[in-house]
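The values are calculated or read from the model by the stated rules, or taken from the named source; none is laboratory data. Note that the structure is predicted; figures quoted are calculated from it, not measured. Cβ: placed from backbone, ideal geometry, glycine included. Neighbour counts: every protein chain shown. Note: areas computed on protein heavy atoms with side chains; ligands, DNA, RNA excluded. Shrake-Rupley method; radii C 1.70, N 1.55, O 1.52, S 1.80 Å.
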Amino acid sequence: MDKGVYCLLLECTAPRKVRIGALGEREFVPGWYLYTGSALGSGGLSRVSRHIRFYREQYRKPKWHIDYLMADEAVRLRKVICAATEQDLECILAAVIGGEGVPAFGCSDCDCRTHLFYRQDEPENEVLHAFERIGLCGTVHFVDDQ
């Protein structure tokens, strides 16, 4: 399986307070959340499949920050944008996306401020442009388009 970098596009449909593991309770407003991640381990981009399976399963135990958010009933994993690369570009992609976000989310293993960003409007084109800016061609995969 190819290694790479990805961005999950999640839609929050109602105001929520969600306990995010050791981060504690965080407030989420309706809109879109963009989560950047890397898949450079032995499983490569199969990590994206793991996120999708986690989202779709009814009974699950959260492991990562993003799991706690995806487990909330008001959060929908709508799309995943990913690109194959051997380079560690997760933090660079997060910096290019930037903007308002949830502090310390998904970045306990780096020096970034966050890897989860908020947008009011659907961000697919913006995220694709961010991939292009770091020299990658992102591919969009639809997960939950209802």
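With the Cα gyration tensor of the range 82-146 giving a ≥ b ≥ c as the square roots of its eigenvalues, does the rule (a/c under 1.5 for rounded; else a/b larger than b/c for prolate; else oblate) give rounded, prolate or oblate? Oblate, because a/c is 1.5 or more while a/b does not exceed b/c. Remark: relative contact order (the range 23-146) = 35 percent; criterion is Cα-Cα distance under 8 angstrom and separation of 6 or more residues. The GNM of the chain, with springs linking C-alpha atoms under 10 angstrom apart, assigns the highest mean-square fluctuation among C82, C12, C110 to C110. Structural size metrics of the chain, computed from C-alpha coordinates, are Rg and Dmax of 13.9, 38 Å. For the options Q58, Q120, Q87, a Gaussian network treatment of the chain with springs between C-alpha atoms closer than 10 Å singles out Q58 as fluctuating the most.
On the chain, 46 percent of the accessible area sits on carbon and sulfur atoms, based on a 1.4 Å probe.
For the range 74-91, backbone phi angles converted through the Karplus equation (6.51, -1.76, 1.60; θ = phi - 60°) give residue-by-residue couplings of 8, 10, 10, 7, 8, 8, 10, 10, 9, 8, 6, 6, 8, 7, 7, 10, 4, 5 Hz, Gly and Pro being listed as x.
Per residue, the convex hull around the alpha carbon atoms of the range 46-122 comes to 117 Å³. Once the 1.4 Å probe is applied to the protein heavy atoms, the chain comes out at 52 Å² accessible per residue.
Placing +1 on the Cβ of every Lys and Arg and -1 on the Cβ of every Asp and Glu, with nothing else charged, gives the range 1-144 a dipole about its Cα centre of roughly 500 debye.
The long axis of helix 124-133 is offset from the longest Cα principal axis of the chain by roughly 30 degrees. Tell me which of A94, P123, F54 sits at the most positive position along the dipole axis of the chain, charges placed on C-beta atoms (Lys, Arg +1; Asp, Glu -1). The residue sitting most towards the positive pole is F54.
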